[in-house]
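What follows is a single structure, written as structure tokens, with notes after it.
Just so it is clear, none of the values below were taken in a lab; they were calculated from the coordinates. As the structure is a prediction and not an experimental result, all values here were calculated from the model. With ideal geometry, Cβ positions are generated from the backbone for all residues, glycine too; neighbour counts draw on all protein chains shown.
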Amino acid sequence: MSIASLTGPRMPPASGAKAEQLVVLLHGYGSDGNDLIGLAPHLGRALPGAAFVAPNAPQPTGQGGYQWFDLMSRTPQSMIEGAKRAAPVIDKFVDGELARLGLGEERLAFVGFSQGTMMSLHVALRRARPCAAVVGFSGALIAPELLKSECRSKPPIFLIHGDADDMLPIQTMFAAAQGLAAAEIPAEWHVCQGVPHGIDPTGLELASRFLRQMLRRAI
């Protein structure tokens, strides 16, 4: 895996001017960057100065789409090992994007969905400098017991989850919030009523407000 192995769709700032912020969108298992880049026009209304990029994960699933790491066994150890292998690839890609745009970490935000949320949390909390924000839709926190010793930065976090999610039940979000709190990392969260494993308009609007608030601090 190398930085060159991560490619995916981009959307420039809605303002038409030079990018003032960067939002990295990490997709879920079996999907690709074309899925999450669809959020960019909505988020761009709240963040007209933001550039968006949605890289494809480096591993094909064999069933169409990509994965950040294999989810066949889903044992705690395999999840930890998979996240640790994928993290440096994401870090290198993000570093390259920040350099390309001439932006610092304080103008960076991660938005993840499902497995992309797992990787957003894993990567953002272990980078040397804190990013502006992390938004996680319908995801989970990998290896919360390791977080206190491995955490290097504590960016603002917002977790959003549907209470009708039958793939990653709502308890997964509460466990993530508890794991973050145990590592002294505060997180906001919101439960979307009647929403399955997906993103609804309410969750998207709340995410937009959160990102706007956090990223405006850096301007």
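Per the conditions (1) among the basic types (Lys, Arg); (2) assigned to a helix (DSSP H, G or I); (3) over 22 Å from Phe137 (Cα atoms), the sole criterion not satisfied by Lys18 is (2).
Taken together, the criteria exclude Leu108 from residues that are in contact (Cβ under 8 Å) with a residue 60 or more places away in the chain, among the aliphatic types (A, V, I, L, M), over 26 Å from Pro196 (Cβ atoms) and surrounded by fewer than 23 Cβ atoms within 10 Å (Cβ to Cβ).
Within the set Leu43, Leu25, the sole residue that is in contact with a Leu (Cβ under 8 Å, 6 or more places away or on another chain), outside any helix (DSSP H, G or I) and not β-branched (Val, Ile, Thr) turns out to be Leu25.
At least 1 residues being within 16 Å of Leu25 (Cβ to Cβ) and under 16 Å from the mean Cα position of the chain (by Cα) is the threshold, and among the helices (runs of 4 or more DSSP H) wholly inside the stretch 115-219 those reaching it are 115-124, 201-216. The number of residues in the stretch 46-87 being in a helix (DSSP H, G or I), within 15 Å of the chain's Cα centre (by Cα) and of a type outside the set (Gly, Ala, Ser) comes to 0. The condition (being hydrophobic (A, V, I, L, M, F, W, C), over 25 Å from Val89 (Cα atoms) and out of contact with any Ser or Thr (no Cβ under 8 Å at 6 or more places or on another chain)) is satisfied by just one residue among Ile142, Ile185, Ile157, Ile170: Ile170.
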